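The values are calculated or read from the model by the stated rules, or taken from the named source; none is laboratory data. Note that the structure is a prediction, hence the values are computed from the model and not measured. Please note: Cβ atoms are built from the backbone with ideal geometry, for glycine as well, and neighbour counts cover all protein chains shown. Calculation scope for accessible area: heavy atoms of the full protein, side chains included, ligands and nucleic acids excluded. Shrake-Rupley method; radii C 1.70, N 1.55, O 1.52, S 1.80 Å.
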Amino acid sequence: MSVAFRPSENIALLRESATIAVSARARALKAEGRAIIDLGAGEPDFDTPAFIRDAAAAAMHAGATRYTATEGILPLREAVAAMAREYGPVAADVTARDIVISNGSKQSIFNACFVLFGPGDEVLVPTPSWTSYYEIVQLARATPVPVYGDRARDLKVTADDLARAATPRTRGLMLNSPCNPTGAVYSADELRAILALAHERGWWVISDEIYRRICYEGDAPSALQAAPGRDNLVVVDGVAKAYAMTGWRVGWSIAPLDVTRAMTAFQSHATFHMASMAQHGAVAALTRRAESEAAIAGMVAQYRERRDAALAVFATAPHLPLVRPAGAFYFYFDVSAAFPGDPDAGSTFAKRVLEEHGVAIVPGAAFKTPDWVRASYAAPRDVVVEGITRIVALYRSLTGR
Ligand code: PMP
C-alpha cells in the first residue's frame, strides 16, 4: 500500500524560508555560468582563525571523539559563564550550571521557546526580525505577535510599542540586538526600559546576542547589562558570527537553573550534545583571549570599512530610506518607491536586481516587512561596493531620482 504524505499538526503552519527562492535562483544562475555578486549571505566570509582550527584538530587527535554531557563539556560552560559574569552585577552569580551548549544559537532559541511557550501563549516579536523566530514560536504551538518598529528609530521597538501590543496572554518577548536584518543596535537605556517592562509584566525574554561583538561603537550592550534581574531572562549567544565559526554549530544559553534543567532534558531527547571537537574549538575561541580579540578586531575593522565604503554609494541616493547599520553586517532599505502599489516590492526588486544586474539580495518579506530588502556586506570590499553600486543605480533608474 502506498502512503501519501500528509503533514502532521506539528508543522501545520511551517513554511519554507522566504529567502530560499532567491538563493536557489542565484545558485541556478551561477550554475549557468553567470557571475553573481552574492550579498545574500548571512555569514562571515572569513575563515575561522587558525588557532581555533588547530585546537579542535588537536582535541580530536587527543581522543575527544566520544559522547559528552548533553549540556556540553565543563571547560566550555565555564568559559561562557566567566564571560557572562563580566557583564556586571545581574550576571555575577552565573556559573557553568546555568549554561547549555547547543547546535548553534538557533538550537538554544528552539530549546528556550519549547520549554517556555506553548498553546495559548503569545510571544512578542519586534519586527522586522530574523525569520526563524516566527517559525520556532509556532513550532512550540505558541503565537508570534509581530510588533513593528518605527522607521524614525531605525525600526527598533520601544517599551511603549510592546506594552500596546501585549494582551493577558503575552508570555514572552524575543530581542535581537544588533538586529538581523537591520543592523540596528539597542542602547543600554532602550534595553533598560524594555527589560523593566518585561520584568514587571512577568514575560520571559529571549535575548539573541549572536551579533553582539560585531558592532561599530564598542560591543552592543547585553540584556544582562540592562535587566533588573535575570530570573525571566534567557540570553542566547554563540561563536558563529564574531569568530567566523558558522559551520561549527556551537551556541549556548545563559538561563535560570530550572529553565536550564528543562532545556537540557529537552535537548537530551532531540540532538543530545554538540559535536565534541567543535566544543573544544569553541573553548580555544573563548579562552585564548589575546588571539581571539585580535581576530575579532581585525574582522570588525573590515566590516566597518566595507560598510563605510558602501554608505558612500548609498549617499548618492539620498531618497532611498536606509537604516544606518551600527552593528551586524547588513544593509536594510525600503525599495517600495521603485514599485508603487506593489504589495511585495522587496521581492520584485530582488528579482530585478538579480536577473538584470547579477546581484543576489534577500527580500524583506522574509522579515515580515515586504517593502524592504537586505543586502549583506559579509563579502570582500570591492564586491560589496560593486553590488551596492548596481543596486543604487537600479533604484535610481526606477524612481527617476
Ligand atoms: N540569530 C540570528 C539573528 C541570526 O541571524 C542567526 C544566523 N543567521 C542565528 C541566530 C543562528 O546562528 P547560529 O549559527 O549560532 O545557529
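For a quick check of your reading of the filter: which chymotrypsin sites (Phe, Trp or Tyr not before Pro) in the range 64-166 sit in a DSSP loop and have no more than 14 other Cβ atoms within 10 Å? Write out the running numbers ahead of the final one.
On the way: sites: TYR67, TYR87, PHE110, PHE114, PHE117, TRP130, TYR133, TYR134, TYR148; in loops: TYR67, TYR87, PHE117, TRP130.
Of the chymotrypsin sites (Phe, Trp or Tyr not before Pro), the ones in loops of the range 64-166 whose Cβ has at most 14 other Cβ atoms within 10 Å are TYR67.
Computed over the range 144-253, the P(r) tail beyond 23 angstrom holds 26 percent of alpha carbon pairs.
Find the centroid of the Cα atoms in the range 151-210 and in the range 1-57, then give the distance between the two in whole Å. Using only Cα atoms to place each centre, the spacing works out to 28 Å. In angstrom, the C-alpha Rg and Dmax of the range 50-288 are 17.2, 56. Would any residue of the range 94-110 have its amide N under 16 Å from a label point 7 Å out along Cα→Cβ of ALA69? List them or say none. Counting backbone N atoms under 16 Å from the label point, the list is 94-102. Annotation for MET60 and PHE5: the two label points, set 7 Å from Cα along the Cα-Cβ direction, are 3.2 nm apart.
When the convex hull of the Cα atoms of the chain is projected onto a plane and the area is averaged over all directions, what value comes out in nm²?
Working: hull surface 87.3 nm².
The Cα convex hull of the chain, projected and averaged over all directions, gives 21.8 nm².
Can you tell me what percent of all Cα-Cα pairs in the range 233-326 are more than 20 Å apart? Numbers along the way, then the final one.
Numbers: 2483 of 4371 pairs.
For the range 233-326, the share of Cα pairs beyond 20 Å comes to 57 percent.
Distance between the pseudo-spin-label points of ASP160 and GLU305 (7 Å out from Cα toward the beta carbon): 4.3 nm. In straight-distance terms, cross-link reach from LYS351 covers every one of the lysines whose alpha-carbon lies under 18 Å from its own, apart from those fewer than eight places away in the same chain; here that gives LYS30, LYS368.
Only bridges whose two residues both fall in the chain count here: according to DSSP, what percent of them are antiparallel, nearest 5? Present the calculation step by step, with values, prior to reporting the outcome.
Working: 20 of 40 bridges.
Close to 50 percent.
Can you give me the span-like helices of the chain, meaning DSSP H runs with 24 Å or more of Cα extent along the axis and Kyte-Doolittle mean at or above -0.5? Walk me through the intermediate numbers first.
Working: long enough: 289-314 (36 Å, -0.08); 381-399 (27 Å, 0.57).
Result, helices passing both filters: 289-314, 381-399.
Projecting label points 7 angstrom from Cα along Cα→Cβ for ARG401 and HIS269 puts them 5.9 nm apart.
Which percent, to the nearest 5, of DSSP beta bridges fully inside the range 50-288 are antiparallel? Please list the in-between numbers first.
Values: 10 of 28 bridges.
Taking every DSSP beta bridge with both residues in the range 50-288, the antiparallel ones total about 35 percent.
What chymotrypsin sites (Phe, Trp or Tyr not before Pro) in the range 232-283 are in a loop by DSSP, with at most 16 other Cβ atoms within 10 Å of the Cβ? For chymotrypsin sites (Phe, Trp or Tyr not before Pro) across the range 232-283 that sit outside H, G, I, E and B with at most 16 neighbouring Cβ atoms in 10 Å, the list reads PHE272.
Using a probe of 1.4 Å on the protein chains alone, the accessible area found for THR70 is around 20 Å².
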